[in-house]
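The values are calculated or read from the model by the stated rules, or taken from the named source; none is laboratory data. Just so you know, these numbers come straight off a predicted model, no measurement behind them. Methodologically, a virtual Cβ is constructed for each residue, glycine included, from the backbone with ideal geometry; neighbour enumeration extends over all protein chains shown. With ligands, DNA and RNA removed, areas are computed over all heavy atoms of the protein, side chains included. Shrake-Rupley method; radii C 1.70, N 1.55, O 1.52, S 1.80 Å.
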Amino acid sequence: MPHASKRRRRKEARPAEIMAAALTLFSERGFAATRLDDVAETAGVSKATIYLYFNSKVELFKAMVREIASARIGAAEALVEGFEGPSPELIRELIEVLSGIVALPQIRAIMKVVLAEAGNFPDIAAFYRDEIALRGLKSVSRIIERGVDRGEFRPCDPVATAQSVIFPILMNALAGEIFGAMKEFDAAKFTSSHLDFVLRGLAADGGA
């Protein structure tokens, strides 16, 4: 029985181990250059084992995005759905949450893969867009629309303004992934500065 329990736990852990190996290789070598044989070797399983869980390399990537990123975006959506306080406080909390998400090494690695491979694999770019990017954009847009309706924010286009909120966060994360650790890229200082820009720009009275 102990051996059976150990085998069961090992089997349950395999998808996560395969996805972790795949993310490492996708980030280091690129999606196109990584073969499922390479993933199997890195994960310590056979290629046939990978096919027990994932039908293809693209499906492996999609499962990885769902496992690592989608649940975290879901938590951000839940924050927006359940928040009852002032809109400036809500957008502050959401920006801090999103900044924390993109600071994760796994998330940055996924973003790096999507950016590098979008031209050759438009299906994975479209999947990431629909599953992650547009959901984040929609959450921020909802907050801005809410704030405008309540007189807490100045009148503006919610979607266009949401892009102005989100894209600097993404670019700062990508810069850190591309250039590595640099004293100029202080995540905490960036988040604080970005929040100041956003809240001043949205303020109904033109102030802080």
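Some points to look at:
- Cα-based Kirkwood hydrodynamic radius, region 90-131, one decimal, Å: 11.3
- Think of a 1.4 Å ball rolled over the protein heavy atoms: the chain then has 55 Å² of accessible area per residue.
- The count of lysine pairs in the chain with alpha-carbon distances below 20 Å, taking only pairs 8 or more places apart or on different chains, stands at 6.
- Pair-distance profile P(r), taking every C-alpha pair of region 30-169, with 10 angstrom steps and integer %: 11, 36, 28, 16, 7, 2
- Dipole in debye (nearest 20) - the chain, about Cα centre, beta carbon charges: Lys, Arg +1; Asp, Glu -1: 940
- Compactness of region 106-155, taken as the C-alpha radius of gyration over 2.2 N^0.38 Å, stands at 1.57.
- Values of log10 I(q)/I(0) for region 55-110 across q = 0.14, 0.19, 0.21 Å⁻¹ run -0.46, -0.71, -0.80, by the Debye formula with one identical scatterer at each alpha carbon and no solvent.
- Within the chain, helix-based [θ] at 222 nm, where runs of 4 or more DSSP H residues each add -39,500 (n - 2.57), nearest 500: -24000 deg cm²/dmol
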